[in-house]
Amino acid sequence: QAHLVESGGGLVQAGGSLRLSCAASGRTISTAAMGWFRQAPGKEREFVTVISWRGGSTRYADSVKGRFTISRDNAKNTVYLQMNSLKPEDTAVYYCAADENPFGGVRTTDFDSWGQGTQVTVSS
């Protein structure tokens, strides 16, 4: 399993932007689909987005479609999440995850490796 470390979270005003990074070590993620999930206080962890192993296919939750963009750089073993037009309801801990299925799933149980998460707080 890959060791995943997220970074880039923080406090931002509504309408602002953040870029999260997920760096993998221990094994290459170039053959794995990579996803982002988030968990707000008192809520279950929810799917945000997933990207296939070569980046040719992406899927987004309806709540972030058009505002968030996932990308990956397999040479750097890193995945990114660009978040624009942030809303207070985007406030959550954001987790990066790896799915051995190269095209990825949308359920938490589809993913094999998880990072520790990074906090994103959007103020109104």
Report the FRET efficiency, 1/(1 + (r/R0)^6), for ARG27 and SER124, where r is their Cβ-Cβ distance and R0 is 35 Å, rounded to 0.05.
-> 0.30
On full extension of the chain, what length is gained from SER7 through THR69, given 0.36 nm per residue of separation minus the C-alpha to C-alpha distance?
-> 20.7 nm
Where Lys and Arg each count +1 and Asp and Glu each count -1, what net charge lies around ALA14 among other residues with Cβ under 11 Å from its Cβ?
-> -1
Relative contact order, percent, of region 42-106 when contacts are C-alpha pairs under 8 Å separated by at least 6 residues?
-> 33 percent
Spin-label point model (7 Å from Cα, Cβ direction): what's the GLN39 to SER57 distance in nm?
-> 2.7 nm
List, largest first, the extents of the alpha carbons of the chain along their principal axes, each in whole Å.
-> 39, 25, 25
How high is the relative contact order of the chain, given as a whole-number percent (alpha carbon pairs under 8 Å, six or more residues apart)?
-> 36 percent
Spin-label point model (7 Å from Cα, Cβ direction): what's the ALA14 to ARG107 distance in nm?
-> 3.5 nm
What is the dipole size for the chain, taken about its Cα centre, with +1 at each Lys and Arg Cβ and -1 at each Asp and Glu Cβ, in debye to the nearest 20?
-> 260 debye
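Any read-out appearing in this document is the output of simple, stated calculations on the displayed coordinates, not a laboratory observation. Fair warning: this is a prediction, and the values are worked out from it, not measured in the lab. Positions of Cβ are backbone-derived with ideal geometry, glycine not excepted, and every protein chain shown enters the neighbour counts.
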